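Quick notes on the structure that follows.
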Amino acid sequence: MSARGLGRNVPVLSVSFFAVGLGNGLWLSLFSIYLESLGFDPFLIGLTLTSYTGATSLMFLPSGRLSDLVGRRVPLLAGCLTVAAGTLLLHFAHTPELMIPLLLVVGVGQGLMGPSATALIAESVAPARSGFAFSVYFIATISAGMVGSASSGLLATSIGYRSLFLTAGALGLSSLTALYLLVQEPAGRWDGSLGSAVQRSLRDSVTGTVSLLRAQRDLLWLSVALAFHTFGLSMIHPYVTLFAKDKVKMNIAEAGFMMSFQSLGLLVAQVPFGNMTDRFGARAMLLAHFVLSSLSWSFYAGSTSALVAYVTVLFFGVIGAMDMPARRTLMMEYSSAKVGKATVVGSLDAIIGLSGIAAPMIGGLAWSSLGYTAPFYLAATLNIGASIPLVMLLRSRRTNH
């Protein structure tokens, strides 16, 4: 498929989120190793990262509703500014007392941006092109992660790890400029006051989500499936680079370069899997992703050399490319005139993210008490549970048809 028919917003969002993603990739790829160098134990590393992911997930609930009320630009711009400011201030943080609050700030910014970006992409293309449009967008963010991961170790050793926060903050400010000048707001937005919209979004975030899941049983099955999967993924995420350093004996530059292989796999497989989502259906693609993810996590735990770890992490990426185009396409099916796209995305992303909030700490406990491989095998086992509600969703779809 060509890029024609994507309109203006998809390229603008792709470029803007490339800048944000590049900044995140620079500091987040090796963040666990950096925290270890500051004296954080595995449990505290998991707790610190939980503050970031937890804040993002919590913000998804009101953010999606706010976006459907006041438009896409306000949450996008406010979120990007918050991410840039919080990341710049991380340069000065050395202790959990300073770092955790700042990670909460960055997480809130990410939570503001996500639902609006997803909804804006869906509104900017025809439904039959949504899988391809999401693939283009994810290619940009994945490319940013790949470049950030590949260069993070080299930059950390040459200019110092803390300087990566300054670089990331500057990239966030450049993204803010592009979004402000170029993004186009769809017509027909609510013209009430921003204050009343924020109040309404906060008030309805929990009750509205409960009502949404009660009204659409299939959406409940989807949220349960993604919650199981996210718990497993969150359990291993902080410990992939630590495993490479402590078990496979890589240095920091090698570990950062290894993580770029995951982004490479995501990149090369994104468009093919996006097109396959449009052709074969999002449900089947998501089920295949869950099963293959468990296999890839188990393979990584058995890595005995840098070469095996590099190949397995590349496989992480290829399998990961099956996820987001299918997930986002499936979420858009449940939006309607009464329930906006950003509301659906925000509600489910909040449930999914919060379900994994304790997973990094559990992974840290497993790491400390059972060994380096324990988080990966435990996560792979739990992730199989994600397939069960998704099978129920597939059966419900066939019954309805």
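Read-outs throughout are calculated quantities, based only on the coordinates presented, and are distinct from any laboratory measurement. Because the structure is a prediction, the values reported are computed rather than measured. In this analysis, Cβ positions are derived from the backbone assuming ideal geometry, glycine residues included, and neighbour counts consider all displayed protein chains.
Place a +1 charge on the Cβ of each Lys and Arg in the stretch 63-215 and a -1 charge on the Cβ of each Asp and Glu, then give the dipole magnitude about the Cα centre in debye, rounded to the nearest 20.
Dipole of the stretch 63-215, to the nearest 20 debye: 160 debye.
After finding the eigenvalues of the alpha carbon gyration tensor for the stretch 242-300, what semi-axes result from the square roots of 5 times each, listed largest first in whole Å? If you can, show how the numbers build up before the last one.
Numbers: eigenvalues 175, 42, 5 Å².
Values for the stretch 242-300, descending: 30, 15, 5 Å.
Quickly estimate the mean residue ellipticity at 222 nm for the chain, helices only: each DSSP H run with n ≥ 4 gives -39500 (n - 2.57), and the total goes over all residues, rounded to 500. Intermediate results must be reported in sequence, preceding the final value.
Details: 18 runs with 328 residues, N = 401.
Helices in the chain give a 222 nm mean residue ellipticity of -28000 deg cm²/dmol.
Can you tell me the dipole magnitude for the chain around its Cα centre, using point charges on the Cβ only (Lys, Arg +1; Asp, Glu -1), in Debye to the nearest 20?
So the dipole magnitude of the chain works out to roughly 940 debye.
Rounded to a whole number of µm²/s, how large is the Stokes-Einstein D of the chain at 10 °C and 1.306 mPa s, given Rh as the Kirkwood radius over C-alpha pairs?
75
Picking from HIS229, HIS94, SER29, whose Cα lies most toward the positive end of the charge dipole for the chain (charges on Cβ: Lys, Arg +1; Asp, Glu -1)?
Value: HIS229.
Any idea how far apart TYR180 and ARG214 come out in nm if each label point goes 7 Å out from Cα toward Cβ?
Roughly 4.3 nm, to one decimal.
When a/c reaches 1.5 or more, the comparison of a/b and b/c decides; with that in mind, is the stretch 248-401 rounded, prolate or oblate per its Cα gyration tensor? Numbers along the way, then the final one.
On the way: a/c = 2.04, a/b = 1.65, b/c = 1.24.
Cα axes put the stretch 248-401 in the prolate bin.
Assign one of three labels to the stretch 1-114, namely rounded, prolate or oblate, based on the Cα gyration tensor with a ≥ b ≥ c the square roots of its eigenvalues; rounded applies when a/c is under 1.5, prolate when it is not and a/b is larger than b/c, and oblate otherwise.
Prolate, because a/c is 1.5 or more and a/b exceeds b/c.
Which order do the peptides 302-313, 172-183 take when ranked by the mean count of other beta-carbon atoms within 10 Å per residue, highest first?
172-183, 302-313
Calculate I(q)/I(0) for the stretch 266-318 by the Debye formula, one identical point scatterer on each C-alpha and no solvent, and give its log10 at q = 0.16, 0.23, 0.25 Å⁻¹ to two decimals.
These q points yield log10 I(q)/I(0) values of -0.53, -0.87, -0.94.
Sorted from fewest to most neighbouring beta carbons within 10 Å, what does the list HIS94, HIS229, HIS289 look like? Intermediate results must be reported in sequence, preceding the final value.
On the way: HIS94 11, HIS229 28, HIS289 22.
Final ranking by Cβ density, sparse to dense: HIS94, HIS289, HIS229.
With each label point set 7 Å from Cα along the Cα-Cβ vector, what nm distance links GLN199 and VAL308?
6.1
Specify the inter-centroid distance of the stretch 211-233 and the stretch 12-85, based on alpha-carbon positions, in whole Å.
Cα centroid of the stretch 211-233 versus Cα centroid of the stretch 12-85: 22 Å apart.
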